[in-house]
Structure formats: C-alpha cells, structure tokens
Amino acid sequence: MRVASTIPEMKCLRREISGTLGFVPTMGYLHEGHLSLVRQARAENSVVVASIFVNPTQFGPKEDFKTYPRDPKHDLALLESEKTDIVFMPSDVEMYPQGYSSWVTVENITEMLEGSCRPGHFKGVTTVVAKLFNIVEPNKAYFGQKDFQQATVIRKMVIDLNMNLEIVVAPTIREKNGLAMSSRNAYLNPQERQAAAVLYQALTQAQQIRRKGQKDAEYIRREMYTLIGREPLAKIEYISIADAVTLEELATIDRPAVASLAVRFGKTRLIDNVILE
Ligand code: PAF
C-alpha cells in the first residue's frame, strides 16, 4: 500500500494506473461502514484508492472539527488489511493553501434537512469532493447511504458539472442494536449508545406503517416523533418524510420517499435514514 500526502505525489501515482480506479473518500476513524465501501470498491475495480482528510470547510464554527476523532495509524492498518492500493492523506494546507478562494455549490437540494441545520456544510463537502475527484480521477466513487443527502448532492454535482465518474451508494452498516455506524458514535457514552437504538426503531416503524399502505406522511412523522420522544436522552432536530429525489417534504407518499432524522444524544448529533418504497 502506498501513502501519498501531497497532491503531486497522488497525481504521479495516478498516472501509473491502468484499469479502473475505485475511490473511497473518508474523514478517517474508520469503521465497518467505511470498510464495506472499500470491499465493494475492491470487488469492482483494478485499483482502490482511499482518502483520509478531516475537511475543515464542512464544519461550522461551533461544530466538532477540532475534536473529530482521529486515529491515522489504525486507519492505515485497516486499509492495508482490506488490500487498498493507495491512501491519499493530505494536510489542511495542501488542500487549502493560503489565498484559497474557489468553491463548488449545489443549489436547492442543499437547503433543507442537513443544509438547514448546518449552514455551509454542503458547500464544504462538494468543494472537497470535487477537488478529490480532480486529484484522484476515479472511475467510481463510493459513499454510504447513511449520509443520504450528501450522496444525493454529490450525484447532482457530478451530473451538473459533467464529471466523468459513477457514484455508487452502498447500504448503511449497523451495530447489533440497529445504530448506524458512524465515526461520531465514539462520542456516545454507554447509556446514550443504548438509547440511540430508538432511531432505527423509529425508521423501521415508518417502513412498516408505509408497507401497510399508509400514505399520509404527517401521520408517519407523528408516529416517529412519539416513539423517539419517549426516549429521555433524545433531542430531536428534525424528522422528515421527503421525496427521495428532490428531498422536498411530502404530504402524501405517492412516489419514492426517504424517512430521515437528526437527533442529539448529549453532545452527539446523529443522523440516519431509510427508503420508503
Ligand atoms: O462522508 C464523509 O466522510 C465526508 O463528508 C467526505 C465525503 C469524505 C467529504 O469530506
């Protein structure tokens, strides 16, 4: 496994590659969710590149950029064990040198849900992902469904800007109690971790109600509020039943929809979602 820490090094390694390149961008502190993306990339491509970069521009001023969990040694060992070929691990100044002033913005679908709770977040995500795509030049890039809105926004950017790659979205990997795997789960204390199982319970309840034929989105939202509201450690930020393509809130579920939520447990903010067929 080769590790590139500068952009010229990464570009030089890229030039040596023939065959398809599968790319897994990450912010490190890897878990099974990331590793399942690496495995899928490994199965579908000649070469696998992962990046580890905690992107400062996607964190708000009051968010957890400074405390975001980091363990690069362990991450490299995990990536090596999954037969990753190249890891791109740039520094902040490598990606954003002094005087940096170019941004990629996707409009509309970035305004709701995560976009309304975390202003500027998606501008940081699309900018860094566009930069990573330009540097790594992947044929396919892999993202987890847990960040459903992020994957939707990146797909839109790729289409709108005619980028020459395929975006693959892979299923959310969960703990035994249903909690979606996330690097931020490391912030949870044991009680909060146990309590956070209510999120997947509420999402599966939404799926069950929908499967029984319920089309009233507000009814399903209310049921989710009630279930999560019974958990004293949970502070709901949003619960949404939205169009799976435009992410606009639905009154009637008459098309593919996504149930998503953001809920705080102590200082930890968790997001999760499921598709409602
Ligand atoms: O999902 C993440 O870990 C990040 O948002 C990403 C896509 C690596 C961009 O920094």
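FYI, it's all coordinate maths here, none of it is from the lab. Bear in mind that the values here come from a model prediction, so they are computed numbers and not experimental data. Methodologically, a virtual Cβ is constructed for each residue, glycine included, from the backbone with ideal geometry; neighbour enumeration extends over all protein chains shown.
Worth a mention:
- For Lys140, net neighbour charge (Lys/Arg +1, Asp/Glu -1) across residues whose Cβ lies under 10 Å away: -2
- Each Lys or Arg adds one and each Asp or Glu subtracts one; over the other residues with Cβ under 15 Å from the Cβ of Arg14, this totals +1.
- Subset of Lys123/Lys146; Lys146/Lys212; Lys215/Lys235; Lys11/Lys123; Lys235/Lys267; Lys73/Lys267 violating a 21 Å alpha-carbon distance limit: Lys146/Lys212; Lys215/Lys235; Lys11/Lys123; Lys73/Lys267
- Region 58-183, Rg to Rh (Cα coordinates; Rh as Kirkwood inverse mean 1/r): 0.95
- Tail fraction, Cα-Cα pairs, the chain, threshold 27 Å, whole percent: 40
- Net charge contributed by nearby residues that have their C-beta within less than 12 Å of Arg174 (K/R +1, D/E -1): -1
- Rg/Rh, computed from the Cα trace of region 22-96 with Rh as the Kirkwood radius, has the value 0.99.
- Between Arg39, Arg230, Arg222, the residue with the greatest mean-square fluctuation in the GNM of the chain (Cα pairs under 10 Å linked by springs) is Arg230.
- Cα convex hull of region 1-141 - mean projected area over all directions, nm²: 8.9
- In whole percents, the pair-distance distribution calculated for region 121-171 from its alpha-carbon pairs, binned every 10 Å from zero, is 26, 63, 11.
- The value of relative contact order for region 228-277, using C-alpha pairs under 8 Å at least six residues apart, is 34 percent.
- Taking a ≥ b ≥ c as the square roots of the eigenvalues of the alpha-carbon gyration tensor, region 155-254 is classed oblate because a/c is 1.5 or more while a/b is no larger than b/c.
- Antiparallel content of DSSP bridges confined to the chain, in %, to 5: 50
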